[in-house]
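Working notes, beginning with the structure itself.
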Amino acid sequence: MQLWFDSAEVFIGGRWYLPESGETLPLENPSTGEEIGRIARGQAADIDAAVQAAREALAGEWGAMTAAERGRVMMRLSWLISQKIDALAEIEATDVGKPLAQAKSDAVALARYMEFYGGAADKLMGETIPFQDGFTVYTLREPHGVTGHIVPWNYPMQIIGRSVGAALAMGNACVLKPAEEACLSALAFADLARQAGLPDGALNVVPGLGEEAGAALTAHPGVNHISFTGSVGVGKLVQRAASDNIVPVTLELGGKSPQLVFADADLDRALPFLVNAGIQNAGQTCSASSRILVHESIYDELCTHMAAAYDGLTVGPAIEDHRVGPLISAKQKKIVEGFLSKTDDNHVLSRGRIVDNAPGGGHYVAPTLISGIGPDHALAQDEIFGPVQVILPFRDEEHAVEIANGTAYGLVASVWSADGGRQMRLAKRLRAGQVFLNNYGAGGGVELPFGGVGHSGHGREKGFEALYGFSVLKTVAAWHG
Ligand code: NAD
């Protein structure tokens, strides 16, 4: 299939180049296992050139722009993205294996991020601070300088939108290292940014391997802030590398997010959210809800409903837009199957169905609903990153909190209950960066600050809050007598 955009080059200083080594890497369609093209194998020399181009942008046209002018460029970019939603969705479906409708909503979110942050660019203000006689004291919000953005393969467009969008709005110059498994949408985004009039060097994109281009970016002394989204293991490496250069890091890592379902919950409303939060993007979502905690009085009833919902799930090629697509790679499939082998069929309540015409080379795993295991079981503790949910019963509110907070992670959580007091209590007690009451995910929530605690990471992206993270506060104390 001919995609609207592809490139085996790096984007540096507003131009496309072959990587310095001339080397490329294969790009696979996860729905078929076939190679669909090549991408640049960017390495340290390319990262160095990208950081240099970003520095020049800060010293040049980009750095001289007013906040309102930056916002206008981002609005133009938003509009250009909105004209390419279907083409971007097709790229993402082919490159990530994301069912077409889900890919489309990611493209819409990317346009919305540029609109939101474009609109916010000139809205973040400093303060004046009451101080001693003879002084006027005020604060300024300034860009960090060069920001490094390392993005995973599961939601490239959304994660680029939230991190690069906020960084550009604050006047930073960005070097983006997309994931080697899926980076075509990042490259297409760069080309649209160029068309929108983003000054040269304000955004640079260097695809490549994590241990080469990614490690070079996090270790580069010319980078002033790093935004990393990915696994806990690599997050630790990134934080260590950043500590050598004493630069701030935002870590958006994994999760094992619970949904707590009480006996007074509206089950008709809850059911689609309970299931979708586990199988969306084939469970390869940091904020996937992989644990469903249910009051023991409705445990059997909910198991029956969820099992029936799983029975109706179909898994197939992304471009055919089934509820569930393939996993990103053979490696990810092996990881998920490894987890499933830690239990046996007695604990499988239900499975979805892989369609008959699913290509043999695709990385398909049937969504699997597990019950009858304890909260300390590996499937209830570790991030699987595949379409697997476990249902766990709880006795009372206290027990529910104990299970919910009983993993190393703390990304998001939800409470399904009609009791307002319980909602408020649990919103405070649940260890998570976002808590949803009688919903889950709030439709993606471009406007809503997002991030974790514990092994889910630190720092916040999305919403207005991200602008604080992507800027530095300067205090000016003027003595005038
Ligand atoms: P990963 O950590 O393997 O890779 C993420 C990115 O880091 C990729 O671009 C990769 O090339 C790069 N990388 C790898 N090694 C590196 C190194 N040594 N130095 C610098 N960069 C390096 O993660 P993944 O498998 O691509 O993504 C899955 C993980 O991401 C899951 O744990 C998931 O929960 C997490 N995630 C979190 C969020 C969030 O917002 N909290 C969102 C999406 C995904």
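The values are calculated or read from the model by the stated rules, or taken from the named source; none is laboratory data. This one's a predicted model, so the numbers in the text were calculated from it and none came from an experiment. Don't worry about glycine lacking a Cβ; one is built from the backbone with ideal geometry, like all the others, and counts go over all protein chains shown. Calculation scope for accessible area: heavy atoms of the full protein, side chains included, ligands and nucleic acids excluded. Shrake-Rupley method; radii C 1.70, N 1.55, O 1.52, S 1.80 Å.
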Packing-ranked peptide list from 197-203, 129-135, highest mean Cβ count within 10 angstrom first, is 197-203, 129-135
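Rounded to the nearest 20 Debye, what is the dipole magnitude of segment 258-445 about its Cα centre when Lys and Arg each give +1 and Asp and Glu each give -1 at the C-beta? Display every interim value, and only then the final one.
Details: 15 positive and 21 negative charges, 125 e Å.
The calculated dipole for segment 258-445 is roughly 600 debye.
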Highest mean packing first, using Cβ neighbours within 10 angstrom, the peptides 406-416, 234-244, 336-346, 459-469 sort as 406-416, 459-469, 234-244, 336-346
Restricting to Cα pairs under 8 Å and 6 or more apart, the percent relative contact order of segment 258-445 works out to 28
Longest principal axis of the chain (C-alpha) makes with the long axis of helix 85-96 (C-alpha) an angle, in degrees to the nearest 10, of 70
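Can you give the Kirkwood hydrodynamic radius for the chain, in Å, rounded to one decimal and based on Cα pairs?
For the chain, inverting the mean 1/r across all distinct Cα pairs yields 23.1 Å.
State to the nearest 20 debye the size of the charge dipole of segment 44-182 about its Cα centre, where the only charges are +1 on K and R beta carbons and -1 on D and E beta carbons.
On the way: 12 positive and 17 negative charges, 69 e Å.
Using Cβ point charges on Lys, Arg, Asp and Glu, segment 44-182 gives about 320 debye.
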Dividing the helical contributions, -39500 (n - 2.57) per DSSP H run of n ≥ 4, by the residues of the chain yields a 222 nm value, nearest 500 deg cm²/dmol, of -11500 deg cm²/dmol
Longest principal axis of the chain (C-alpha) makes with the long axis of helix 299-311 (C-alpha) an angle, in degrees to the nearest 10, of 70
The chain accessible area per residue, 1.4 Å probe, protein heavy atoms, integer Å², reads 39
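List, in the order given, every pair from 334/462; 177/474; 236/342; 123/474 whose Cα-Cα distance in the structure shown is over 24 Å.
Details: 334/462 32 Å; 177/474 29 Å; 236/342 27 Å; 123/474 17 Å.
Beyond 24 Å between Cα atoms: 334/462; 177/474; 236/342.
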Rounded to the nearest 10, the angle in degrees between the Cα long axis of helix 156-169 and the longest principal axis of the Cα atoms of the chain comes to 30
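Could you work out the relative contact order of the chain? I mean the mean sequence separation of Cα pairs under 8 Å and 6+ apart, divided by the number of residues, in percent.
On the way: 1155 pairs, mean separation 89.6, N = 481.
Result for the chain is 19 percent.
Of the peptides 217-224, 357-364, how do they stack up when ordered by the mean number of other Cβ atoms within 10 Å, highest first?
Values: 217-224: 20.6, 357-364: 16.9.
Ranked from most to least packed, the peptides come out as 217-224, 357-364.
Dipole magnitude of the chain about its Cα centre, charges +1 at Lys/Arg Cβ and -1 at Asp/Glu Cβ only, in debye to the nearest 20?
On the way: 37 positive and 54 negative charges, 158 e Å.
That gives a dipole near 760 debye.
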Stretched fully, the stretch from residue 136 through residue 458 gains (0.36 nm per residue minus C-alpha distance, one decimal, in nm) 112.5 nm
